[in-house]
Amino acid sequence: TWTAANVVEEQVAAIRAQIGTKRAICGLSGGVDSAVAAALVNKAIGDRLTCVYVDHGLMRKGESEQVEKDFVASTGVRLKVVDAEKRFLDALAGVSDPEEKRKIIGREFIRVFEQAASEIVAEAGQGDEAVEFLVQGTLYPDVVESGGGTGTANIKSHHNVGGLPEDLQFELVEPLRKLFKDEVRMVGQELGLPEEIVHRQPFPGPGLGIRIVGEVTRERLDLLREADAIAREELTAAGLDRDIWQCPVVLLADVRSVGVQGDGRTYGHPIVLRPVSSEDAMTADWSRLPYDVLARISTRITNEVADVNRVVLDVTSKPPGTIEWE
Ligand code: XMP
C-alpha cells in the first residue's frame, strides 16, 4: 500500500545508493517540489547536500524568510543564500515586454545559480567527496509532459528553478519522479515541513516580475508585495486557500485612473485580482469568490496601499486568458 512513510523510506535508500559518499546540490525556489526533494535528500545524506536559494528580489512578502528560516529550521539543511536582488533589478531596468522580462530573469537565474554551484563544487574538491549530483523536484506529470512535448512552455517561456547549467556536469537525482502533487505534499508533511511550504499554491519562477504590467522597479515591487499580502491574508482568513488554485495579484503600473479619497482627487494605479479554479493549470475558470471577501480585499488594498485607488476582478477563463497576465 502507498504511504508517505514508505515513500520516504524507499527514496532515502535509493538516494543513498545513488550518491554514495559524494555530495549533491539543490536549487530551492520556495515551492513545494524543490523543498520536498531537498528534504528527502537531506534526510538521506545530511550535510553532504548543499541547497542554493537565489533571492531574485521578486518574491512575495515573507517568502524568502520562509526558505531561509522556516525550511532550514525544520530540516537542518545546509543552505547557501545568494542575495541577487540588485543584479536582477538592474537587468530588468527599462524592460516592459513580458517575454523579454522572462528571458532576462531566466538568464540571470542560471548565471547566479551556476556561479554558486561552481563555488560549492570547488570548495568540496575532487575524489570521494566531490559534488557530482544535482537534485531536482521533477514530478510524474513533468516526466510525462516533457515526453509528450505539450504544456504552456510554447506559449510563454517558462522558467523553473534548477535548470541544468550547461557546462557543469551533474548527474540528476529526482526522488519525486513517480509522484503526483498531492503525494508530494503528503511526503512533505511526513518529513515535517512547515504547512506554508507543504500547501503552497503555484507561484511562477519569474515571481512578481511578471505580475507588474510595465517596468519592474523596487518601488513597484514593494507596492505589489503589500497588495498581494493583503489579498492572501484575507483569502486565508476566509478559509478559501484550498478552494482556489491560485490568485495572482497584478499591478497595472502603466495605467492610472482618477479616484477620490477624503476631500482630494487621486490618480493612482489599479490592482487586478485573478483568483482561478483549476485542476492542472492547463485550463482554468475564474473563481466565484464571495462578494464580502472581495469587498474586504478591495477596501483594505485601497486604504492601506499608497498609490493604489482601484481594485478590479479578472473574470476571464483560460482559454482565452492565461492565468498570469504576462
Ligand atoms: P499561465 O499563465 O500560462 O500559467 O496560464 C500556468 C501556470 O504556470 C505558472 N507559471 C509558471 N510557473 N515558471 C513556473 O514555474 C514560470 O515561468 C511560470 N509562468 C507561469 C502559473 O502561475 C500558473 O500556475
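The values are calculated or read from the model by the stated rules, or taken from the named source; none is laboratory data. Values in this document were obtained by computation on a predicted structure and should not be read as measured data. So basically every Cβ, Gly included, is an ideal-geometry build from the backbone, and we count neighbours across all protein chains shown.
Taken as a whole, the structure places Val216 among residues that are within 16 Å of the ligand (Cβ to nearest atom) and at pLDDT 95 or above. For first residues located in region 310-323 and outside the structural domain of Leu294 (by TED's automatic domain parsing) and over 26 Å from Asp292 (Cβ atoms), partners that are in a strand (DSSP E or B) and β-branched (Val, Ile, Thr) and lie 6+ apart or on another chain with Cβ distances below 6 Å do not occur.
Considering region 227-249 alone, what residues qualify as being surrounded by fewer than 20 Cβ atoms within 10 Å (Cβ to Cβ) and away from the ligand (no atom under 13 Å from the Cβ)? Correct list: Ala229, Arg232, Glu233, Thr236, Ala237, Ala238, Gly239, Leu240, Asp241, Arg242, Asp243.
Take the conditions more than 16 Å from the ligand (Cβ to nearest atom), within 23 Å of Gly207 (Cβ to Cβ) and touching a His at 6+ places or on another chain (Cβ under 8 Å) and apply them to Val312. Does it pass?
The answer is no for Val312.
Scoring Gly205 on the criteria (1) in a loop (DSSP other than H, G, I, E, B); (2) under 30 Å from Gly20 (Cα atoms); (3) small (Gly, Ala, Ser) leaves a single failure, condition (2).
I'd like the residue in region 254-280 that is among the hydroxyl-bearing types (Ser, Thr, Tyr) and farther than 26 Å from Phe203 by Cβ and, out of all such residues, is nearest to the ligand (Cβ to nearest atom).
In this case the residue turns out to be Ser257.
With respect to being more than 26 Å from His199 (Cα to Cα), in contact with a Lys or Arg (Cβ under 8 Å, 6 or more places away or on another chain), outside the structural domain of Leu223 (by TED's automatic domain parsing) and not in a helix (DSSP H, G or I), Val95 fits the description.
Before we move on, is Thr283 in contact with a strand residue (DSSP E or B) (Cβ under 9 Å, 6 or more places away or on another chain) and closer than 16 Å to Pro202 by Cβ? Judged against the criteria, Thr283 is a match.
Wholly within region 1-89, which helices (runs of 4 or more DSSP H) include no fewer than the required count, namely at least 2 residues that are surrounded by fewer than 18 Cβ atoms within 10 Å (Cβ to Cβ) and either within 16 Å of the ligand (Cβ to nearest atom) or among the charged types (D, E, K, R) (or both)?
The helices (runs of 4 or more DSSP H) meeting that bar are 4-19.
Filtering region 111-161 down to residues that are modelled with pLDDT under 90 and touching a Gly at 6+ places or on another chain (Cβ under 6 Å), which residue is farthest from the ligand (Cβ to nearest atom)? Looking at residues that are modelled with pLDDT under 90 and touching a Gly at 6+ places or on another chain (Cβ under 6 Å), I get Glu145.
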